[in-house]
Amino acid sequence: SAVISQKPSRDICQRGTSLTIQCQVDSQVTMMFWYRQQPGQSLTLIATANQGSEATYESGFVIDKFPISRPNLTFSTLTVSNMSPEDSSIYLCSGRTGTFEKLFFGSGTQLSVL
Amino acid sequence: AQSVTQLGSHVSVSEGALVLLRCNYSSSVPPYLFWYVQYPNQGLQLLLKYTSAATLVKGINGFEAEFKKSETSFHLTKPSAHMSDAAEYFCAVSDPGGSNYKLTFGKGTLLTVNP
């Protein structure tokens, strides 16, 4: 199984600043995804990170707010831009290898915005 | 559109007691169904999955779940809880015909096990 390292594990940020979350996989994965888990809510898919091209965003999420990069098959970043307290959440990356069932998750980034 | 409802955000059981975590889904097509577990400070791990084969699915750590189409349910059970089972559990559904096989998650159920 793939191991996904995600950092930072937590951060406290000021309103109006940006934070970049990194996700490194120890092997090549065909697809990578970014999720958000707001307090008391389910995991919500933000976008699919596409290698070498623009990410595919879900309804309600836009590139200006959550720019995503995926320069190769093992690495991706998510930036939370111009943060507000409403962005306080856990952000999770995941990667899929081959068949759909092989979906692996990072340990998450707990973000608090003051 | 798919959706998942997990009844009970927090379930507490005694060690050795039956664990029952409830999950109901809504899907316009025969779904794939999953249970994930998240231990503190760790990523989600796949416990078990239903992908249209046997309706009773066995997973890791003694957990199993039964797909009941008539009830649109996929409840997770374990006959005897262990202290190490304390974690958050997520039910998820996917449309196998979707291009990305995206997962829709429930809100999660926190399981605590009392000695």
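The values are calculated or read from the model by the stated rules, or taken from the named source; none is laboratory data. All values reported here derive from a predicted model rather than from experimental measurement. Cβ sites come from the backbone with ideal geometry, for glycine too, and all protein chains shown count toward neighbours. For accessibility, only protein heavy atoms count, side chains too; no ligands or nucleic acids. Shrake-Rupley method; radii C 1.70, N 1.55, O 1.52, S 1.80 Å.
What's the total number of residues in region B:17-43 that are at the interface with chain A (Cβ under 10 Å from one of its Cβ atoms) and open to solvent by 10 Å² or more (accessible area, probe 1.4 Å)?
7
Please find, within region B:48-78, the residue that is farthest from A:I90 (Cα to Cα) out of those that are within 12 Å of chain A (Cβ to nearest Cβ) and assigned to a strand (DSSP E or B).
Among those residues, the one meeting the criterion is B:V57.
State the number of residues belonging to region A:6-33 that are assigned to a loop (DSSP other than H, G, I, E, B), loosely packed, with under 14 Cβ neighbours inside 10 Å and away from chain B (no Cβ under 11 Å).
Selection size over region A:6-33: 9.
List the residue pairs whose Cβ atoms are under 7 Å apart, where the first residue sits in region A:34-46 and is over 20 Å from A:R96 (Cα atoms) and more than 8 Å from chain B (Cβ to nearest Cβ), the second is open to solvent by less than 20 Å² (accessible area, probe 1.4 Å) and part of a strand (DSSP E or B), and the two are 6 or more positions apart or on different chains.
If the second residue must be open to solvent by less than 20 Å² (accessible area, probe 1.4 Å) and part of a strand (DSSP E or B), the pairs left are A:Q38/A:S89.
Does A:Q51 qualify as being within 11 Å of chain B (Cβ to nearest Cβ), closer than 18 Å to B:K102 by Cα, open to solvent by 60 Å² or more (accessible area, probe 1.4 Å) and polar (S, T, N, Q)? Full working, then the answer.
Working: within 11 Å of chain B (Cβ to nearest Cβ): no; closer than 18 Å to B:K102 by Cα: yes; open to solvent by 60 Å² or more (accessible area, probe 1.4 Å): yes; polar (S, T, N, Q): yes.
Criteria not met by A:Q51.
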